[in-house]
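Each remark here refers to the structure printed beneath this line.
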Amino acid sequence: MRHCAAVAVLALGALAARSDAQWSTVYEQRYLPGGFNWEFRARYPEAERLFYAFDYGHAILYETLFAHPDAPASRLETGQFHFLVDTLLRHPPRLPLAEDAIEPEYAKLAPEAKAMFDWAHLLHRQIYDVWSDDHLSTEEKDARVAELVRYYKSRPDLAFSSHPKDMELMEGQPYSLVFRKRYPNFNGLIWAYHWLQVGLYDALLAGTDSASRAANVRAATARFWAMLDAAPSRMPAMMPMTPAIAPRFTKRYPEAAVIFDNLHAMHDVISDILASPMIPRSGKRAAILFAAARYRDDTSNITTVAEWEEMAVSMGAAHMGGAAIP
């Protein structure tokens, strides 16, 4: 096992010079136009603003791990953790943040990975918008979501695969699990973020009208706050998987659900790469780009949809924060 790990690290190191010499060719692309845009923000501003605080949390995490590799664990585990839980999430920003200003060194290290996250987060937000629009029938919402997924997949340089990836890609690499072991509190907070992000889908889908959807969003948000109020003891102990947290959404839109699980898994992978002492600073970019390519392709580390769903069930929703809407 140690020999295999050493070989993997050396291989990543060999890629470093080649990847560092490349210019990033990613470019930004706007959201898909539609009358549904901004509906979630208009109807659920308190939940929407939490996403802006989440963006800060992800950005400061990556910037701290890369720009301050020798910082004590308490910098994230105590300082930033309590700032987020006790201050920023309680009083979240009113507008989206300029993440490049929060994570300048990380943004220069791996702009391709950052662009992948931004593109997937846009899909997240637009599906919320569709299901928040009371002017659309259920059939029209289904058609709009299908259109959004097609639009998302039109950027193969950015789009996460819509095929499930096995856990080996996230937990079986030489650098795997380093972050969650050294920073359990911050890791649990990231997983709580991801719980709410997918849980809100079932909150919206389970509603039969505007009032019930609003009540469900309030209930899901209240459960998120309960996790934070008792942090870290009530935060997820395992990465939330969409089939367990949002089964309605998974059944209705399996491709989108797979995309979001792959997105959240790669968040963990990048945290591990940045935190791992096995990967030298000069090899971080190569390791991130290698993992990003694996999460985009439709051939490596693939499992079936049935196996992915079974894995989520067998791991236990209770360990992931519980189903958003029982």
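The values are calculated or read from the model by the stated rules, or taken from the named source; none is laboratory data. These numbers were taken from a predicted model, which means no experiment stands behind them. All Cβ positions, even for glycine, are placed from backbone atoms using ideal geometry, and neighbour counts span all protein chains on display.
Here is a check on your reading of the model: is ARG144 part of a helix (DSSP H, G or I) and either within 24 Å of PRO243 (Cα to Cα) or modelled with pLDDT under 95 (or both)?
Here the answer is yes, as ARG144 does meet what is asked.
Scan the stretch 298-314 and tell me whether some residue there is buried (at least 23 other Cβ atoms within 10 Å of the Cβ) and hydroxyl-bearing (Ser, Thr, Tyr).
No, the stretch 298-314 contains no residue that is buried (at least 23 other Cβ atoms within 10 Å of the Cβ) and hydroxyl-bearing (Ser, Thr, Tyr).
Filter the stretch 315-326 down to residues that are of a type in the set (Gly, Ala, Ser) and assigned to a helix (DSSP H, G or I) and give me whichever is surrounded by the fewest Cβ atoms within 10 Å (Cβ to Cβ).
Residues of the stretch 315-326 of a type in the set (Gly, Ala, Ser): 316-318, 321-324.
So of that shortlist, the ones also assigned to a helix (DSSP H, G or I) come out as 317-318.
Details: ALA317: 20, ALA318: 12.
Among them, the one singled out is ALA318.
Kindly provide the set of residues from the stretch 176-216 that are more than 21 Å from SER233 (Cβ to Cβ), of a type in the set (D, E, K, R) and either in a helix (DSSP H, G or I) or touching a helix residue (DSSP H, G or I) at 6+ places or on another chain (Cβ under 6 Å) (or both), ordered by number.
ASP202, ARG213
Which helices (runs of 4 or more DSSP H) does the stretch 230-285 wholly contain that include 2 or more residues that are surrounded by fewer than 18 Cβ atoms within 10 Å (Cβ to Cβ) and of a type in the set (Lys, Arg)?
It comes to 247-252.
SER210: among the hydroxyl-bearing types (Ser, Thr, Tyr) and closer than 20 Å to GLU48 by Cβ, yes or no?
Answer is yes for this residue.
For the stretch 147-175, how many residues are in a loop (DSSP other than H, G, I, E, B), under 19 Å from PRO243 (Cα atoms) and not hydroxyl-bearing (Ser, Thr, Tyr)? Even if it seems obvious, please write down each step before you answer.
Looking only at the stretch 147-175, we keep the residues that are in a loop (DSSP other than H, G, I, E, B), and these are 154-164, 166-167, 172-175.
Within this subset, residues satisfying the condition of being under 19 Å from PRO243 (Cα atoms) are 160-164, 166-167.
Checking which are not hydroxyl-bearing (Ser, Thr, Tyr) leaves us with 160, 163-164, 166-167.
So the count comes out to 5.
Give me the pairs, please: first residue somewhere in the stretch 308-326 and closer than 21 Å to MET235 by Cβ, second residue anywhere and part of a helix (DSSP H, G or I) and hydroxyl-bearing (Ser, Thr, Tyr), beta-carbon distance under 9 Å, and either six or more positions apart or on two chains.
Partner pairs satisfying both residue conditions: ALA312/THR242; ALA312/THR250; ALA324/TYR201.
Condition test on ALA98, is it among the small types (Gly, Ala, Ser) and crowded, with 20+ Cβ neighbours inside 10 Å?
Details: among the small types (Gly, Ala, Ser): yes; crowded, with 20+ Cβ neighbours inside 10 Å: no.
It is false that ALA98 is among the small types (Gly, Ala, Ser) and crowded, with 20+ Cβ neighbours inside 10 Å.
Kindly indicate which of LEU65, LEU50, LEU61 is touching a Phe, Trp or Tyr at 6+ places or on another chain (Cβ under 7 Å) and either modelled with pLDDT of 95 or more or among the charged types (D, E, K, R) (or both). Before the answer, list the steps.
Details: LEU65 fails: touching a Phe, Trp or Tyr at 6+ places or on another chain (Cβ under 7 Å); LEU50 fails: touching a Phe, Trp or Tyr at 6+ places or on another chain (Cβ under 7 Å).
That would be LEU61, the only listed residue that is touching a Phe, Trp or Tyr at 6+ places or on another chain (Cβ under 7 Å) and either modelled with pLDDT of 95 or more or among the charged types (D, E, K, R) (or both).
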